[in-house]
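Here the structure is laid out as structure tokens; the discussion comes afterwards.
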Amino acid sequence: MTELTPRQIVQELSKYIVGQQQAKKSVAIALRNRWRSTQLPEELKEEIVPKNILMIGPTGVGKTEIARRLAKLVNAPFVKVEATKFTEVGYVGRDVESMVRDLVETAIRMVKQDKMLDVMDKAQKLADERILDYFKPLHAKEQARNPFEMFFAGSNASTDNSAAPASDVTVTVTDAVREGWRSRLENGELEEELIEILVEDNNQPMVGMFAGSGMEEMGFNINDMLGSFLPKKQKKRKVTVANARKIFIQEEAQKLIDMDDVISTAINLAEMSGIIFLDEIDKVAGRGSSAGPDVSREGVQRDILPIVEGSTIVTKYGPVKTDRVLFIAAGAFHISKPSDLIPELQGRFPIRVELTSLTKEDFRQILTEPANALLKQYTYLLETEGIKIDFSEEAIDELAEIACAVNAQTENIGARRLHTVLEKLLEDIAFDAPDLPEKTISISREYVKTVLDPIVVNQDLSHFIL
């Protein structure tokens, strides 16, 4: 974050998102202000909190993508939640605090992956040692002993202790044989050999009891509580050495990292750098409704309010403060208006950005310019079949014009319309690709018109197909 200025952040976002410069500018400033606040003295640092953002615009114009790319850019914990999934306290459904719990889980997963990468070399060596044990153990296995022997220890115990140790010659021979197996393992000669290993059974059936009831946290807590009393269940699996190595590396890396340190670091990361994207916020806007399914809309807003303004949420990993979490809310606001939100919640989103509908030129840029441009995606997919597909400039213009026209005639779904148009355009080619004798296909304006014009002209048909 320290290396990226607001202008650089906008440039990075522009690699994937077309247009919407004002929205990019607002999130870039918010992100830079977060870094600026960390450079302040401690007495001032606590006084400055992130300025939350409210994005207003039709579907498919880049609201979610801006927030998602922003989080990936700065490697920050990010969760996207639908405001419509939450219910007021007392109703069946997810409570609003689950968004913070999800953020903490995301942060723990990120920190854990980083810590495991640091110990990966050591974990790989330990994994190889475990694999070698299946081919040539370093020590002979102990004979099975009576489990009640410890209660009746007597002369037999002393006899066992006085048993003569293995000779030096035997140990030397065993080491030499083991080193021979090690050499074969390092040379990749054993990769396809099958071995039977024991792995932990991580199934958590108890969580299903609480799924969708807003009590998922209770399910996990019961699992954790019982897990500390009951032994971990293991199951046998027959896998190749290559797959066994992957399993063992994960297990050994898990043992090498300090989970208490991971949790502490993750909670701090979530508190200081976390981003929560509240989508469909307009669906819970509206006041004055006293009956029917909308009865809890204002209740959901009241429940969201304390989390957005800053509170302490109790999770199974410990308390988490939301004072410095950045909230980005978004909604189309076709029927409702931002002013329909309760005043207290409006005040918690001081930065408002209106995203504009996409034009024909925007559609053209989306098709060709971004790093993940749609035409590039379809070209790479068909190249796996040996098909080289080439779009002419006129064909691209026609695709942009058709997408714009269909959005105007039917429902405006933004850039998602391009997916529908391209799928219909390339449907026959994608179906026949493995059997086509001609491996180079040129898409011209005439081909686009031939395939799509009958559907575009027939508005009743375009409602269902495009």
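The HN-Hα couplings worked out from phi for segment 435-441 by the Karplus form 6.51 cos²θ - 1.76 cosθ + 1.60 (θ = phi - 60°) are 10, 6, x, 8, 9, 10, 10 Hz, whole numbers, x standing for Gly and Pro.
A cut-off of 5 Å between modelled amide H atoms, ignoring neighbours fewer than 5 places along the same chain, links VAL61 with ALA415. Straight-line reach from LYS24: taking Cα to Cα under 14 Å and skipping same-chain neighbours fewer than 8 places apart, the aspartates and glutamates in range are GLU12, GLU65, GLU354. Other residues whose C-beta falls under 14 angstrom from the C-beta of CYS404 contribute a net charge of -2, scoring Lys and Arg +1 and Asp and Glu -1. Based on Cα contacts under 8 Å between residues 6+ apart, segment 347-466 shows a relative contact order of 31 percent. The amide H of ILE351, built 1.01 Å from its N in the peptide plane, has ASN52, LEU54 as neighbours under 5 Å, considering only residues 5 or more places off or on other chains. Peptides 259-268, 415-424, ordered by how many other C-beta atoms sit within 10 Å of their residues on average, highest first, read 415-424, 259-268. Between the residues PRO58, SER98, PHE78, the greatest Cα displacement towards the positive end of the dipole of segment 1-138, with unit charges on the Cβ of Lys, Arg, Asp and Glu, is found for PRO58. Applying the Karplus relation 6.51 cos²θ - 1.76 cosθ + 1.60 with θ = phi - 60° to segment 333-340 yields 3J(HN,Hα) values of 6, 6, 9, 8, 10, x, 6, 7 Hz, where x marks Gly and Pro. Convex hull volume of the Cα atoms of segment 234-384, normalised per residue: 273 Å³.
Neighbours of TYR447 by Cβ distance under 13 Å: Lys/Arg scored +1, Asp/Glu scored -1, total -4. Normalising the average separation of contacting C-alpha pairs (under 8 angstrom, six or more residues apart) by the number of residues puts the relative contact order of segment 1-119 at 20 percent.
Placing +1 on the Cβ of every Lys and Arg and -1 on the Cβ of every Asp and Glu, with no other charges, gives segment 49-130 a dipole of roughly 220 debye about its Cα centre. Cross-link pairs exceeding 26 Å in C-alpha to C-alpha distance, out of LYS85/LYS337; LYS45/LYS337; LYS15/LYS115; LYS235/LYS316, comprise LYS45/LYS337; LYS15/LYS115; LYS235/LYS316.
Shape analysis of segment 12-121 places it in the rounded category; the axes a ≥ b ≥ c from the Cα gyration tensor give an a/c below 1.5.
Remark on ILE441: its backbone amide H falls under 5 Å from those of LYS388, ILE389, ASP390, a criterion applied only to residues 5 or more positions apart or on other chains, H modelled at 1.01 Å from N. Using θ = phi - 60° in the Karplus curve 6.51 cos²θ - 1.76 cosθ + 1.60, the 3J(HN,Hα) couplings for segment 268-274 round to 5, 5, 5, 5, 8, 10, x Hz; x is entered for Gly and Pro. The accessible-area ordering, largest first, of the residues PHE135, PHE277 stands as PHE135, PHE277, per a 1.4 angstrom probe.
The values are calculated or read from the model by the stated rules, or taken from the named source; none is laboratory data. Quantities reported herein were computed from a predicted structural model and do not represent experimental measurements. As a convention, Cβ positions derive from the backbone with ideal geometry for all residues, glycine included, and neighbour counts pool all protein chains shown. With ligands, DNA and RNA removed, areas are computed over all heavy atoms of the protein, side chains included. Shrake-Rupley method; radii C 1.70, N 1.55, O 1.52, S 1.80 Å.
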